[in-house]
Amino acid sequence: MKSYKGNPVSKGVEIGKVYKYVPYHASVGEELIEEAQVADELQKYGDAKEKALHELNRLKESMGKSDQDKAAILGAHIEILKDPAMDQQIGKFIKKKMYNAKYAIDASYKMFIGMLEKVQDDLIRERIADMKDVRNRTLRCLDGEPEKNLSTLSEPVIVIAKDLLPSDTASLNRKMVLGIITEVGGATSHTAIIARSYEIPAILGVKNAMELFVDGEEVIIDAIAGNVLTQIEEEIRQDYDKKSRIFKEQALDTKKYLHVEPVTKDGERIYVNLNIGSTSEEELEHAVVSDGVGLFRSEFLYMGRDKLPDEEEQYKIYTKVLEAFAGKTVILRTMDIGGDKKLDCMELPVEENPFLGKRALRLSFAYPDIFLTQLKAALRAAVNGDLWIMFPMVESMDDIRRAKQYVEQAKKELSDACVPYGSVKIGIMVEIPSIAVIAEQAAKEVDFASIGTNDLTQYTLAVDRMNPELGDFYQKYHPAVLKLIRNVIEQFNKAGKHVGVCGELGGDELGSVILMGFGLRQLSMGYASVAQIKKIITNITIEDTKGIADNVCAMSTSAEIEAYVTGELKAKGL
């Protein structure tokens, strides 16, 4: 038996035959044209675009209301294809650079993809897959090639690919796909999201997967441990058959918790909120299973467009979210852009170390007009619901006081213009160690805090969390990180101020238990984690979590902590 490791992003265990999927790949070379050919090349692009739009609309319509996840992906592709900025760039390359249509399409998409590749936010980066997908579809339509996808599989298989683009996952026949293995991709990728929504076991990031496995060979995908097994002995096969059956039984049980009120066995109410990154129908319809929005990323308003969103546009978007969550709290994070997150609509400085550069709140201070526009839109929207404003990348008390002054200025400008606005709570995102250390002082200055565990871990451990070569060094249960988190929770609780977690640890099974033991009562996460976290909450007592947290604080390594908490949950049947 041989075993290969990867990142399990959608849990499950299956045994099946390998199907290696290789999608259409356009051959593109730089080719210049004559002035007389410009009109023809523009027509070729227009025809390819219309054909691609027809395909996408047909696919989206065929799904209708039956598959909202897939329809949302295809809707995003339609928006990209219709984007005036993309049209303008392709036209410019054809008319000014004298590129043929094929090369102009390829070069334009690559240019926008290059901008997004510099972004650190996982959800924004995953838009790269959408861009690549639309580029490939347009080039295929230009070449007159038929569509190739995973909808025509004739038997159940485990799909192995270098990567799966959104349209690949959107077209797959879920009855015929037992599991998914790719060479690239992360937990927030479209592949991961679709796999989880379909309950298809998926392991991403298996190096050289296309070379390691043979079409038709039988493999085991263990997307709990993150292993792919080949050359399977009968005894091992039987063990994994049993493991698969047990997992499916447990998954059915977990589903029952999605709409359950999250109250611990000893009566403590825990608030389960959602992290959202857009105002898509898919995201907003999940409001019914949550207590509100723990993190509303406003970056999507600024990315991939040629002009900044004005106050009215932002007001309407914030209001749309407040209305969808109908009286529940919505925590809006002000623009977390700059440095690594390049914008088409702003000229930002090139920095040697963008992750530590002029970004997030620092950028807001550098562009007060843009900051005030967002604050005024948020204050106006607050009339329509319970909106809280949160500032990202806060490092000092000076940052907090300066940001609050801008809020007061925004209020004054609205008052002077006789524009009504609502009351809001003001808070900070704790993601820089310096502010975590002085949490006692910070708690006196703000109404609430939300701990961004992803960046807090990155900055505390000096590890680039986007670098796959440093995976072993990015330790989310590192004692130093947990110590900082505990201090923030204790200080804000002591001050009688609201505190939550909106980073990855909030939707993490082990992390959620530790956080509750530290005194946290609000967890915010992606929709895919809600049922499992509610199951844990309703099957444990706060006293249990306190005991676990105390023991964790006496441990010295991340591995030791992970093994211990895993064992404790297993002993409780979780």
Extension gain (nm, one decimal) between Asp464 and Ser280, 0.36 nm per residue minus Cα-Cα
63.2 nm
Projected area, mean over directions - the stretch 375-444, Cα convex hull, nm²:
4.6 nm²
Ordered by fewest other Cβ atoms within 10 Å, a rough proxy for footprinting exposure, Leu361, Leu574 read Leu574, Leu361
With the label point 7 Å along the Cα-to-beta-carbon line of Ala571 and a cut-off under 11 Å to each amide N, the hits in the stretch 533-562 are 548
5 angstrom amide H check on Gly500, placed H, neighbours 5+ away:
Ala449, Ser450, Ile451
Once phi is turned into ³J(HN,Hα) by the Karplus curve 6.51 cos²θ - 1.76 cosθ + 1.60 with θ = phi - 60°, what whole-Hz value does each residue of the stretch 387-403 show in order, with x for glycine and proline?
9, 10, 10, 10, 9, x, 6, 7, 10, 8, 5, 4, 4, 4, 5, 5, 5
Label-point gap, in nm, between Met397 and Ala559 - each point 7 angstrom along Cα→Cβ:
4.2 nm
Cα-based convex hull, the stretch 436-574, per residue volume (Å³, whole number)
113 Å³
In deg cm²/dmol, rounded to the nearest 500, the helical mean residue ellipticity at 222 nm of the chain, built from -39500 (n - 2.57) for every DSSP H run of length 4 or more, is -14500 deg cm²/dmol
With bins of 10 Å, the percent of all Cα-Cα pairs of the chain per bin from 0 is 3, 16, 26, 27, 19, 8, 2, 0
What distance in nm separates the simple spin-label points at Ala366 and Lys97, each placed 7 Å from Cα in the Cβ direction?
2.7 nm
Determine, from the Cβ-Cβ distance of Ile438 and Thr541 and an R0 of 51 Å, the FRET efficiency 1/(1 + (r/R0)^6), rounded to the nearest 0.05.
0.95
Treat each spin label as a single point 7 Å out from the Cα along the C-beta direction, and report the Glu312 to Lys265 distance in nm.
5.7 nm
Send over the Kirkwood Rh of the stretch 35-143, from the inverse of the averaged 1/r over different Cα pairs, rounded to one decimal Å.
14.5 Å
Test of understanding: what is the full-extension gain from Ser151 to Glu323, defined as 0.36 nm times their sequence separation minus their Cα-Cα distance?
58.2 nm
If the label point is 7 Å along Cα→Cβ of Asp550, which residues in the stretch 471-487 have backbone nitrogen under 18 Å from it?
483, 486-487
Need the C-alpha centroid separation for the stretch 16-64 versus the stretch 237-276, integer Å.
42 Å
Taking every Cα atom in the stretch 178-241, find the radius of gyration and the maximum pairwise distance Dmax, and write them in Å.
12.2, 35
Given the options Val228, Tyr198, Leu164, identify the residue whose Cα lies farthest towards the positive end of the charge dipole of the stretch 126-259 (+1 on Cβ of Lys, Arg; -1 on Cβ of Asp, Glu).
Tyr198
For the pairs Lys51/Lys97; Lys248/Lys320; Lys320/Lys535; Lys162/Lys255, note any where the Cα-Cα span goes beyond 27 Å.
Lys248/Lys320; Lys320/Lys535; Lys162/Lys255
When all Cα-Cα pair distances of the stretch 271-571 are considered, the percent exceeding 34 Å is 19 percent
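Laboratory data are not the source of any read-out in this text; all were calculated from the coordinates shown. What you see is a predicted model, and the numbers here were worked out from it, not measured in a lab. Heads up, the Cβs are rebuilt from the backbone with ideal geometry, glycines too, and the neighbour counts pull from every protein chain shown.
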